[in-house]
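Colleague: The structure follows.
The values are calculated or read from the model by the stated rules, or taken from the named source; none is laboratory data. Note that the coordinates shown come from a computational prediction; the quantities given were computed from them, not determined experimentally. A quick note on method: Cβ atoms are made from the backbone with ideal geometry, for glycine too, and the neighbour counts reach across all protein chains shown. The area values use the complete protein model at the heavy-atom level, side chains included, leaving out ligands, DNA and RNA. Shrake-Rupley method; radii C 1.70, N 1.55, O 1.52, S 1.80 Å.
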Amino acid sequence: AQSVTQLGSHVSVSEGALVLLRCNYSSSVPPYLFWYVQYPNQGLQLLLKYTSAATLVKGINGFEAEFKKSETSFHLTKPSAHMSDAAEYFCAGPNQAGTALIFGKGTTLSVSS
Amino acid sequence: DTGVSQDPRHKITKRGQNVTFRCDPISEHNRLYWYRQTLGQGPEFLTYFQNEAQLEKSRLLSDRFSAERPKGSFSTLEIQRTEQGDSAMYLCASSDLRSSYNSPLHFGNGTRLTVT
């Protein structure tokens, strides 16, 4: 079965510190993956997507993610955290039929001053 | 691009009542999805439409749930005889697969259902 796994349900960083949110996918997932961000009481907003054109993908708000096939990973990073980055982050990939996205359980990012 | 719109934003209902939610996708998006999200979880796929045809339903979509997308525009999701376990955020998303098979989903702000 297809799966997307996010390691760590909660990550806390200080403002200005590196942000690293981890995502692993099952090897049978076709090579396109997404990161979404969700602020309280809102829907999901697309941060970035990987579609095999380049392994390092840049997204909005200074985030980027690197697709590593050998590690079946698609970790999200940001060099310097801002208070406004505090939110829930979801990694997603296609289901087996390629008809819909399946999501990880999410990682809550907290940023302290 | 006015975004995906969902109505209502919040709905409180008593167990056993029927509820209906509406989703207006981004105009000209041919695919429309419904997801359910419970606290501390990622969105779970319920069903999707391509134009007016409902092409796939998840096992999560019990017989009490029904979704429609007449004329391939807006969609409604109805839950009959609501149960407390139906309490969740119901998210609608749309995408345009005519541009790319891997087009991202664009989400609305959701309808939060509370069943008392």
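Colleague: Excluding residues on the same chain fewer than 8 positions from A:LYS78, give the lysines whose Cα lies under 27 Å from its Cα.
Modeller: Partners found: A:LYS49, A:LYS58, A:LYS68, A:LYS69, A:LYS105.
Colleague: If you don't mind, another one. List the residues whose amide H sits under 5 Å from the amide H of B:THR47, counting only those 5 or more places along or on another chain, with H placed 1.01 Å from N in the peptide plane.
Modeller: Long-range HN contacts for B:THR47: B:TRP34, B:SER58.
Colleague: Quick one: 3J(HN,Hα) in Hz for segment B:7-23, Karplus 6.51/-1.76/1.60 with θ = phi - 60°, rounded, Gly and Pro as x.
Modeller: So the J values, rounded to whole Hz, are 9, x, 7, 9, 9, 10, 9, 8, 3, x, 7, 9, 9, 9, 10, 10, 9.
Colleague: Hey, what D do you get for the protein assembly as shown in µm²/s if you plug the Kirkwood alpha-carbon radius into Stokes-Einstein at 20 °C and 1.002 mPa s? The partial results should precede the final answer.
Modeller: Working: Rh = 18.1 Å.
Result for D is 118 µm²/s.
Colleague: Give the ranking of A:MET83, B:MET89 by solvent-accessible surface, highest area first, calculated with a 1.4 Å probe. Each step should come with its number before you reach the end.
Modeller: Numbers: A:MET83 90, B:MET89 10 Å².
The residues order as A:MET83, B:MET89, largest area first.
Colleague: Now for a different question. Quick one: which residues, 5 or more positions from B:ARG15 or on another chain, have an amide H under 5 Å from its amide H? H modelled 1.01 Å from N in the peptide plane, none for Pro or chain starts.
Modeller: Correct list: B:THR116.
Colleague: Counting only other residues whose beta carbon sits under 13 Å from that of A:SER112, what net charge do I get with K and R as +1, D and E as -1? Mind showing how you got there, number by number?
Modeller: On the way: positive: none; negative: A:GLU15, A:ASP85.
Every neighbour counted, the sum reads -2.
Colleague: Suppose every Lys and Arg Cβ carries +1 and every Asp and Glu Cβ carries -1, with no other charges. What dipole size does segment A:56-98 come out with about its Cα centre, to the nearest 20 debye?
Modeller: Details: 4 positive and 5 negative charges, 28 e Å.
I would put it at about 140 debye.
Colleague: Treating only the Cβ atoms of Lys and Arg (+1) and Asp and Glu (-1) as charged, compute the dipole magnitude of chain A about its Cα centre; round to the nearest 20 debye.
Modeller: Magnitude of the dipole: close to 220 debye.
Colleague: Let me ask something additional. Roughly what % of DSSP beta bridges within chain A run antiparallel, to the nearest 5? Present the calculation step by step, with values, prior to reporting the outcome.
Modeller: Numbers: 33 of 38 bridges.
If we restrict to bridges inside chain A, about 85 percent are antiparallel.
Colleague: Related question: With no solvent and one equal point scatterer per Cα, compute the Debye intensity ratio I(q)/I(0) for chain B at 0.11, 0.12, 0.18, 0.20 Å⁻¹ and report its log10, rounded to two decimals.
Modeller: With one equal scatterer per Cα and no solvent, log10 I(q)/I(0) is -0.32, -0.38, -0.86, -1.06.
Colleague: Residue-wise, which Karplus ³J(HN,Hα) couplings in Hz belong to segment A:7-22, taking 6.51 cos²θ - 1.76 cosθ + 1.60, θ = phi - 60°, and x for glycine or proline?
Modeller: 8, x, 7, 9, 10, 10, 9, 8, 4, x, 7, 5, 9, 9, 10, 9
Colleague: So which trypsin sites (Lys or Arg not before Pro) in segment B:9-87 are both in a DSSP loop and have at most 16 other Cβ atoms within 10 Å of their Cβ? Before the final figure, lay out each step's value.
Modeller: Working: sites: B:ARG9, B:LYS11, B:LYS14, B:ARG15, B:ARG22, B:ARG31, B:ARG36, B:LYS57, B:ARG59, B:ARG64, B:LYS71, B:ARG81; in loops: B:ARG9, B:LYS14, B:ARG15, B:ARG59, B:ARG64, B:ARG81.
Answer in residue order: B:ARG9, B:LYS14, B:ARG15, B:ARG59, B:ARG64, B:ARG81.
Colleague: Toward the positive end of the charge dipole of the protein assembly as shown, about the Cα centre and with charges on Cβ (Lys, Arg +1; Asp, Glu -1), which of A:PRO40, A:VAL13, B:MET89 goes farthest?
Modeller: Positive-end residue among those listed: B:MET89.
Colleague: Compute for segment A:1-109: radius of gyration divided by Kirkwood radius, i.e. Rg/Rh, restricted to C-alpha atoms, rounded to two decimals.
Modeller: With Rg and the Kirkwood Rh in hand, the quotient comes to 0.95.
Colleague: About the Cα centre of the protein assembly as shown, how large is the charge dipole given +1 on each Lys and Arg Cβ and -1 on each Asp and Glu Cβ? Please answer in debye to the nearest 20. Don't skip to the end; give the middle numbers.
Modeller: Values: 22 positive and 19 negative charges, 76 e Å.
My answer is approximately 360 debye.
Colleague: Any idea of the total accessible area buried by the A-B contact, 1.4 Å probe, rounded to 100 Å²? Spell out each step's value before the answer.
Modeller: Working: alone 6000 and 6810 Å², together 11130 Å².
Using a 1.4 Å probe on protein heavy atoms, the buried area is about 1700 Å².
Colleague: Counting other Cβ atoms within 10 Å of each Cβ, which chymotrypsin sites (Phe, Trp or Tyr not before Pro) in segment B:38-116 have at most 15 and sit in a DSSP loop? It would help to have the intermediate numbers written out before the result.
Modeller: Details: sites: B:PHE45, B:TYR48, B:PHE49, B:PHE65, B:PHE74, B:TYR90, B:TYR101, B:PHE107; in loops: B:PHE74, B:TYR101.
For chymotrypsin sites (Phe, Trp or Tyr not before Pro) across segment B:38-116 that sit outside H, G, I, E and B with at most 15 neighbouring Cβ atoms in 10 Å, the list reads B:TYR101.
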